[in-house]
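Colleague: Below are the structure tokens for one structure; questions will follow.
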Amino acid sequence: MVNVKEYLERPTFVLIILVLVAIALAKLLRLETTDYLITIMFFIGIAMSLNLIMGFAGYVSFGHTVFLGISGYIFALIVYYNVWLAEMLDTLFGIPIFLVAIVAGGVSALVAFLVGVPVLKLRGAFFAIATIGLDFAALYIVKAFIPIINPEFFGAQIILPAYALAYKNNVFVAMYITFALVLITNYVVRRSRFGMGLLAISEDEDAAEALGVPTRKYKLLAFALSAFFTGMLGAIFGLNAGGVDENLFNLAHTIDMIVMIVIGGIGTVMGPLVGSIIYFILYDTLLVTYPEFNLVILGSIVAVLVLFAPRGIIGIIRGKTIRGKRLRDIIE
Amino acid sequence: MDVIIKIDRVTKRFGGLVALNKVSFNIYKGEILGVIGPNGAGKTTLFNCITGVYSPDDGRIYFNGVDITGMPPHKITQLGIVKTHQIVKPFNEFTVLENAMIGALFGKRAGKISKEEAREIALKNLKLVGLAEKKDELAIGLTLHEKKFLELARVLSAEPDVILLDEALAGLNPKEVEESLDIIKMINKDLGKTIVMVEHVMHAVMNIAERIVVLHFGQLLAEGTPKEVAEMPEVITAYLGDKDLALKFVRR
Amino acid sequence: MTLMTELLINVTNGLLWGTVLGAVSVGLTLIWGVMKVVNLAHGESILLGSYIVSVLLLFMGVDPMVGMFVALGSGLLLGLTIYWLNLHKIIGHVDVINLRIEMSTLLEMFAVSIILYNLYSFFTRSEPFGIGIWHLGPTSYINIGYMSVQVNHITAAALSLGATFIIYQFIAKTPTGKAIRAVMQDSQAAALVGIDPVKIKMLTTVISIGFTAFSGFLVILYESAVVPSIAYKYAPLAFTIVVLGGLGSIMGSYIAGIIIGGIYGVSKVIFSLLVGKNASDPLALTTAFVILVLTLLFKPEGLFGRKR
Ligand SMILES: Nc1ncnc2c1ncn2[C@@H]1O[C@H](COP(=O)(O)OP(=O)(O)OP(=O)(O)O)[C@@H](O)[C@H]1O
Ligand SMILES: [Mg+2]
């Protein structure tokens, strides 16, 4: 029997529930536009997806946008070439969208797995740079071949037929389920043996391996899982935008993901979650007052944090003790 | 006595350098075996070959009769051979307890153990090495001496049969050395673990070990009881230098 | 045009471009190889030089041959600023740089790159700035055998060779250069023989970013106009080249740059035969990144680097 009270004493769990409830309420009460909510879930979601490999295992995947791109294009191609599917995509409470997104995410997971076998042998900066290389390689391949597949995909752009996207509500539901899955997966992984193994890898990979952690397997699993969710989010986001173009591969998305994780702090679930909420608040307020300057300011915040609080805002908080209770023990 | 690890003509090269050259010897169940040799003799390399960090270029290694040559390190750990690192490698941002828990969660009973059980095993071993009081501190704040004990508690939590200690005493003061020796003896006698220790602290290893293996330029130079080894002329010239000094170590 | 001439033209152009790529990579191999600073703001350091030269020409009529020295100077200043603001706290000590510190430099320089990139976008409103039709001498093209080559490309190659030769001599011959190499090999040992590793790290940052800004001028001789997104083209190529040439090796990087340029030229011809002209350019660039990943996997010390 699950002890409800026990869960309520876990701030991270409570925060996840709060975020999910808040988004659902905002949708039901029409506090925000559906597009805005989908965008928020997309950005927080990709940060939390990257967290699985970057935050837990310590592998900074700089080219993670490659999975947004791959799954975005796979999704678009599937829908484009299957009229029956496109016609029923926007029905049944978004379930068809969700299912096709799983297929698209699966392709990313497969790519991550195949690429990960060699590339995850690299450590630190070499891994980061190899993933950038991968992103560019994939981008240029898409740029070269998509227009060859079909002349209508001019400039590697695939525009989805309008009937694939009549009700944003269904897209919202598919995005919401995926988003919830990402958060819950983060939480479950962080508390599991798998999660402890990943954190040990990020501390010292050789020591972890020597203590029995199957490092290769764990890294591959985390990388593939991370790619899977990133891909699903990219696919649904592409649908919401009405089509995909090469911008999905743009490293700008990497910037968003990494900034959110670094602001909140690596090694936890709470960190990136809080980080991405802060990111959004800042982004929104700065966007209004200093539209061109928001990234300059966000970049400066990151620069300061890396120097003075390498474990981010949550890292500072976790070091504290309140009423004899060490926050480190309860903030996951 | 039963052979627990059999090292059979193991060779390991790094480029042109032969770090281990057809080294063969046995490790017996329940013993304390000392491995000595000058710097660069290949001691750490030998440990790395046994624990799977390197795979030997030639030769085989058997554990309880099973060929473990070339297995990945984590598999070998789960079979029951662990080692501590010459340069300590704590998980800095983990607490002391969490460090030891990793050992329990991924050790011999990996996957068959709950987090609660792991915590208990970890606590028990932290008590044994005298770190129980620091269990909630971050490992990064420990002294070198404590970090070495943490290494020990961590590998003990993996519930191994054989523990390889790579210079566990280096850098400790005499009092800490005595403390460590008591713990090592206890792990051997009371817990029944086989112990192989690489050591430069000569009097310590000569006293505690039942048998000694001497490596020299990657070759097995000698094997025997501390007394026998200390009297072998080739060992004396190669390593100990002075016969009286060597015997003094044994007597102390 | 026969296939042979097309190949010849593309390879020549590729090699010429390769000299620029080589120069662009020299600064990166220094800062990364010597101090393990993963300079993700490398592209933005290149942009600084490109912008300085074109802004000086456009608004003040300063000849780029003079402007390039201003670019160099601003790069040195940028390096000094970055060292004290962003790097000193992370690398300003004698200890060995471990993986954790390396990753901190990566994230820190990533932040710097975000800041600089968006400052450029802000001040230029992302509109292209350029040197337009500027070139040395009376004509913009000269004919060599079958083909005509842009004077600017030849200028770039010549300047790249000269500048790289100077910095190579500096590192190889001068006492400062020798100290830099000592710190690269073992900063603790260097400290023991009386070198101040922290001072050397600061100097290396300054030199590296200064040279990179200078190379931004060579880039603009190729691109003729500069927009911030050029950083996304040249920085990843520079990382590829540095890995291929071996971390810390100036000569290695320079030669690797020329090799990548040559490969680009050849693969462009091959791909335009296979999949048509439009797709050939992106695929030729893909080749570079495939080479990057393969090098990292099979020869991580690079073609000319020492095994570590
Ligand atoms: N990964 C490696 N690559 C290249 N050479 C190595 C490597 N590891 C060890 N060596 C070399 O192999 C030889 C044996 O090294 P090893 O570390 O096993 O010696 P050791 O007996 O443990 O010495 P010490 O007492 O100093 O710890 C040395 O010459 C060393 O330089
Ligand atoms: Mg050793």
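The values are calculated or read from the model by the stated rules, or taken from the named source; none is laboratory data. Bear in mind the structure is a predicted one, so any value in this text is a computation, not a measurement. FYI the Cβ positions are ideal-geometry reconstructions off the backbone, even for glycines, and counts take in every protein chain you see. Note: areas computed on protein heavy atoms with side chains; ligands, DNA, RNA excluded. Shrake-Rupley method; radii C 1.70, N 1.55, O 1.52, S 1.80 Å.
Colleague: Have a look at B:GLY171, B:GLY192 and point out the one that is open to solvent by 60 Å² or more (accessible area, probe 1.4 Å), in contact (Cβ under 8 Å) with a residue 12 or more places away in the chain and in a loop (DSSP other than H, G, I, E, B).
Modeller: B:GLY171
Colleague: Hey, any hits in region C:271-288 for a residue that's more than 10 Å from chain A (Cβ to nearest Cβ) and aromatic (Phe, Trp, Tyr)?
Modeller: No, region C:271-288 contains no residue that is more than 10 Å from chain A (Cβ to nearest Cβ) and aromatic (Phe, Trp, Tyr).
Colleague: Applying the selection to region B:114-134, what residues are surrounded by 18 or more Cβ atoms within 10 Å (Cβ to Cβ) and not in a helix (DSSP H, G or I)?
Modeller: B:LEU131
Colleague: Among the listed residues A:ARG216, A:ARG191, which satisfies the condition of being more than 29 Å from C:ILE101 (Cβ to Cβ) and within 14 Å of chain B (Cβ to nearest Cβ)?
Modeller: A:ARG191
Colleague: Another question, if that's okay. State yes or no: is B:LEU79 away from ligand 1 (no atom under 16 Å from the Cβ) and either of a type in the set (Phe, Trp, Tyr) or open to solvent by 10 Å² or more (accessible area, probe 1.4 Å) (or both)?
Modeller: Working: away from ligand 1 (no atom under 16 Å from the Cβ): yes; either of a type in the set (Phe, Trp, Tyr) or open to solvent by 10 Å² or more (accessible area, probe 1.4 Å) (or both): yes.
The answer is yes for B:LEU79.
Colleague: Here is a follow-up. Against the condition over 15 Å from the mean Cα position of the chain (by Cα), of a type outside the set (D, E, K, R), open to solvent by less than 20 Å² (accessible area, probe 1.4 Å) and at pLDDT below 95, how does A:ASN247 come out, does it pass?
Modeller: So A:ASN247 does not fit the description; no.
Colleague: Where the second residue is polar (S, T, N, Q) and outside any strand (DSSP E or B) and the first is over 18 Å from B:GLY224 (Cα atoms) and lies in region B:1-29, which pairs have Cβ atoms under 6 Å and are six or more apart or on separate chains?
Modeller: B:LYS12/B:THR45; B:ALA19/B:THR45; B:LEU20/B:THR45
Colleague: A follow-up question, please. Taking helices (runs of 4 or more DSSP H) that do not extend beyond region A:280-332, which have at least 2 residues that are aliphatic (A, V, I, L, M) and either open to solvent by less than 20 Å² (accessible area, probe 1.4 Å) or without any contact (Cβ under 8 Å) to a residue 24 or more places away in the chain (or both)?
Modeller: A:294-308, A:312-318
Colleague: Inside region B:195-215, can you point out the residues that are surrounded by fewer than 18 Cβ atoms within 10 Å (Cβ to Cβ) and within 13 Å of ligand 1 (Cβ to nearest atom)?
Modeller: Within region B:195-215, B:HIS200 is the sole residue that qualifies.
Colleague: Also: May I ask you to list the residues in region B:40-50 that are within 13 Å of ligand 2 (Cβ to nearest atom) and over 15 Å from B:GLN219 (Cβ atoms)?
Modeller: Listed by number, the residues that qualify are B:THR44, B:PHE47, B:ASN48.
Colleague: Over 25 Å from B:HIS74 (Cα atoms), open to solvent by 10 Å² or more (accessible area, probe 1.4 Å) and among the small types (Gly, Ala, Ser): does that describe A:ALA180?
Modeller: yes
Colleague: Which is within 22 Å of the chain's Cα centre (by Cα), within 9 Å of chain A (Cβ to nearest Cβ) and among the β-branched types (Val, Ile, Thr), of C:THR105, C:THR81? Please lay out each step first, then the result.
Modeller: Values: C:THR81 fails: within 9 Å of chain A (Cβ to nearest Cβ).
Exactly one of C:THR105, C:THR81 is within 22 Å of the chain's Cα centre (by Cα), within 9 Å of chain A (Cβ to nearest Cβ) and among the β-branched types (Val, Ile, Thr), namely C:THR105.
Colleague: Same structure, new question: (1) away from ligand 1 (no atom under 16 Å from the Cβ); (2) outside the structural domain of B:LYS22 (by TED's automatic domain parsing): which one isn't true of B:HIS85, the others all being true?
Modeller: (1)
Colleague: Please find, within region B:1-13, the residue that is surrounded by the most Cβ atoms within 10 Å (Cβ to Cβ) out of those that are over 13 Å from B:THR69 (Cβ atoms) and more than 11 Å from ligand 1 (Cβ to nearest atom).
Modeller: Only one residue tops the list, namely B:ILE4.
Colleague: What's the total number of residues in region A:131-154 that are facing chain C (nearest Cβ under 10 Å) and either in contact (Cβ under 8 Å) with a residue 12 or more places away in the chain or open to solvent by 30 Å² or more (accessible area, probe 1.4 Å) (or both)?
Modeller: Pass one, region A:131-154, residues facing chain C (nearest Cβ under 10 Å): A:131-148.
Narrowing the set further to residues that are either in contact (Cβ under 8 Å) with a residue 12 or more places away in the chain or open to solvent by 30 Å² or more (accessible area, probe 1.4 Å) (or both) leaves A:131-136, A:138-139, A:141-143, A:145-148.
Adding up the residues that qualify gives 15.
Colleague: When you go through B:GLY42, B:GLY16, B:GLY65, B:GLY30 one by one, which is the residue that is within 16 Å of ligand 1 (Cβ to nearest atom) and either hydrophobic (A, V, I, L, M, F, W, C) or surrounded by fewer than 21 Cβ atoms within 10 Å (Cβ to Cβ) (or both)?
Modeller: B:GLY16
Colleague: Being within 25 Å of the chain's Cα centre (by Cα) and among the small types (Gly, Ala, Ser) is the filter; apply it to region C:141-169 and report the residue that is most open to solvent (accessible area, probe 1.4 Å).
Modeller: C:ALA158
Colleague: Of the conditions (1) open to solvent by less than 10 Å² (accessible area, probe 1.4 Å); (2) among the polar types (S, T, N, Q); (3) more than 14 Å from chain C (Cβ to nearest Cβ), A:ASN170 fails just one. Which one is it?
Modeller: Single failed check for A:ASN170: (1).
Colleague: Does region B:135-163 hold any residues that are within 10 Å of another protein chain (Cβ to nearest Cβ), assigned to a helix (DSSP H, G or I) and of a type in the set (Asp, Glu), and which are they?
Modeller: Across region B:135-163, the qualifying residue is only B:GLU151.
Colleague: Looking only at residues in region B:1-54 that are within 14 Å of another protein chain (Cβ to nearest Cβ) and modelled with pLDDT under 90, which one is farthest from B:ILE236 (Cα to Cα)?
Modeller: Among those that are within 14 Å of another protein chain (Cβ to nearest Cβ) and modelled with pLDDT under 90, it is B:GLY15.
Colleague: I'm trying to understand the selection: among the residues of region A:256-279, which are open to solvent by 10 Å² or more (accessible area, probe 1.4 Å) and away from chain C (no Cβ under 14 Å)?
Modeller: Scanning region A:256-279 gives A:MET270, A:VAL274, A:ILE277, A:ILE278.
Colleague: Follow-up. Only one of C:ALA190, C:ALA256, C:ALA235 is aliphatic (A, V, I, L, M) and under 22 Å from C:ASN86 (Cα atoms); which?
Modeller: After applying the criteria, what remains is C:ALA235.
Colleague: Same structure again: Scan region A:184-217 residue by residue and report those that are more than 22 Å from B:GLU151 (Cα to Cα) and surrounded by fewer than 24 Cβ atoms within 10 Å (Cβ to Cβ).
Modeller: A:ILE184, A:THR185, A:TYR187, A:VAL188, A:VAL189, A:ARG190, A:ARG191, A:SER192, A:ARG216, A:LYS217
Colleague: Being within 12 Å of another protein chain (Cβ to nearest Cβ), assigned to a helix (DSSP H, G or I) and either within 27 Å of B:PHE14 (Cβ to Cβ) or open to solvent by less than 10 Å² (accessible area, probe 1.4 Å) (or both), is that true of even one residue in region C:208-221?
Modeller: No, region C:208-221 has no match at all.
Colleague: Further, regarding this structure: Give, as residue ranges, the helices (runs of 4 or more DSSP H) completely inside region C:20-117 that count at least 1 residues that are of a type in the set (S, T, N, Q). Full working, then the answer.
Modeller: Details: elements: C:42-60, C:64-82, C:88-91.
Of the helices (runs of 4 or more DSSP H) lying wholly inside region C:20-117, those with at least 1 residues that are of a type in the set (S, T, N, Q) span C:42-60, C:64-82.
Colleague: Another question about this same structure. What residue, of A:ILE201, A:ILE132, is under 19 Å from the mean Cα position of the chain (by Cα) and within 30 Å of B:PRO72 (Cα to Cα)?
Modeller: The conditions single out A:ILE132.
Colleague: May I pose another question? Evaluate region A:95-113: report whether one residue or more is within 14 Å of chain C (Cβ to nearest Cβ) and either surrounded by fewer than 22 Cβ atoms within 10 Å (Cβ to Cβ) or within 18 Å of A:LEU239 (Cα to Cα) (or both).
Modeller: Yes.
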